[in-house]
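Working notes for the structure below.
The values are calculated or read from the model by the stated rules, or taken from the named source; none is laboratory data. It should be emphasised that the depicted structure is a prediction, and the values quoted were computed from it without experimental measurement. Every residue, glycine among them, receives a Cβ derived from its backbone with ideal geometry; neighbour counts consider all protein chains shown. Heads up: the accessible areas ignore ligands, DNA and RNA and are worked out on the full protein's heavy atoms, side chains in. Shrake-Rupley method; radii C 1.70, N 1.55, O 1.52, S 1.80 Å.
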Amino acid sequence: MSQETVQPKWRVDKLEVFITEEQLRQRVAELGAQISRDYEGQDLLLVAVLKGSVVFLADLMRYITIPHSVDFMATSSYGAATESSGIVRILKDLDMPITGRNVLIVEDIVDTGHTLSYLRRLLLEREPASLRIVTLLDKRERREVDVPLDYVGFEIPNAFVVGYGLDFAELYRNLPYIAIPKEGFFDDDD
Ligand code: 5GP
C-alpha cells in the first residue's frame, strides 16, 4: 500500500438506521413478485449498475421467480465526494447485446437523474424490445433531469445515505440496512 493511501475511519457508531433490514427485505420481495408477474412468459435481462446496486440485485433476483439473466455496467461515481457532477462516464459496458430483449435496469438510487438518463439513452440506441427501470431508492426532490421510473422501492428525502450496497469512500456497502450519517461522521480524524 502506498504511503499516500488514507483509509477513512469506520464510523458505524455515527450512523442512524433509516430503512431497516426487515423493511428492505419486505419491499424487495414485493418488487420481485411484481416484476415476476409483469414479465411472466417473457424474456428478461436485468442490467445492474456497479457497484452500488449489487446488494439490491442479489436480493431482488432471488425474489424474481421467472427465468432471467443478468449483466453489468459500471459508470463513474462521485468517488469520495457526496455531490453529483452531472458527468457520466462508462467504465464497463455490457457483455451481451440487448437488441430485441426486455431490459430492466437495476439501480441503487436515483438522485439528480443524470446517470440513469444517460444510461437509458445509451441502451435505447441498441434497440431493446423494452427498457424499464427499477430503483431501490428515489430522491425525487433532487431531480435535475426527468427519468421514467417503473418500479421504486422507497422514496427518500434529500439526505446522503449509505449501506445495502451504497458507499462512502468505498466503505459501508456491507451494512444490511440503509443509514444516514449523524454529526461527526464526515469529520477528519479526531
Ligand atoms: P445521479 O446521477 O442520479 O445524481 O446519481 C446516481 C448515483 O449517485 C447513484 O447510482 C449512486 O452511486 C450515487 N448516489 C446518489 N445519491 C447517493 C447517496 O445518498 N449515497 C450514496 N452512497 N451514493 C449516492
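Could you give the length gained by full extension between Arg62 and Glu141, i.e. 0.36 nm per residue of separation minus their alpha carbon distance, to one decimal place?
Values: separation 79, 0.36 × 79 = 28.44 nm, distance 3.07 nm.
So the extension gain works out to 25.4 nm.
Just going by the charge dipole of the chain, with Lys and Arg at +1 and Asp and Glu at -1 on Cβ, which of Val17, Ala48, Leu137 is farthest out on the positive end?
Checked the options; the winner is Ala48.
What full-extension length gain, to one decimal in nm, is calculated for Leu124 and Phe160 as 0.36 nm per residue of separation minus the Cα-Cα distance?
Details: separation 36, 0.36 × 36 = 12.96 nm, distance 2.97 nm.
Working it through step by step, the gained length comes to 10.0 nm.
With every protein chain left in place, what is the accessible area per residue of the chain in square angstrom, probe 1.4 Å? The partial results should precede the final answer.
Working: 10130 Å² over 190 residues.
Per residue, the chain has 53 Å² of solvent-accessible surface.
Whole angstrom only: what separates the Cα centroid of the range 152-190 from the Cα centroid of the range 1-65?
Value for the Cα centre distance between the two parts: 13 Å.
Report the percentage of all Cα-Cα pairs in the chain whose separation exceeds 31 Å, rounded to a whole percent.
On the way: 3166 of 17955 pairs.
Looking at the chain, the distances longer than 31 Å represent 18 percent of pairs.
Report the Cα-based extents of the range 110-190 along its three principal axes, largest first, to the nearest Å.
Computed over the Cα atoms, the extents are 53, 24, 21 Å.
Can you find, among Pro176, Phe186, Gly153, the residue farthest towards the positive end of the dipole of the chain? Put +1 on the C-beta of Lys and Arg, -1 on that of Asp and Glu.
Gly153
Charges only on Cβ, +1 for Lys and Arg, -1 for Asp and Glu: so what's the dipole of the range 111-190 about the Cα centre, in debye to the nearest 20?
On the way: 10 positive and 16 negative charges, 115 e Å.
For the range 111-190, the charge dipole is close to 560 debye.
In the range 105-131, whose amide N lies under 12 Å from the spot 7 Å out along Cα-to-Cβ of Leu50? List them in ranges.
It comes to no residues whatsoever.
Count the DSSP beta bridges whose two residues both fall in the chain, then state the antiparallel fraction as a percent rounded to the nearest 5.
Details: 9 of 31 bridges.
Around 30 percent of the beta bridges assigned by DSSP in the chain are antiparallel ones.
Treating only the Cβ of Lys, Arg, Asp and Glu as charged (+1, +1, -1, -1), what charge dipole size does the chain show about its Cα centre? Round to the nearest 20 debye.
On the way: 21 positive and 32 negative charges, 88 e Å.
I would put it at about 420 debye.
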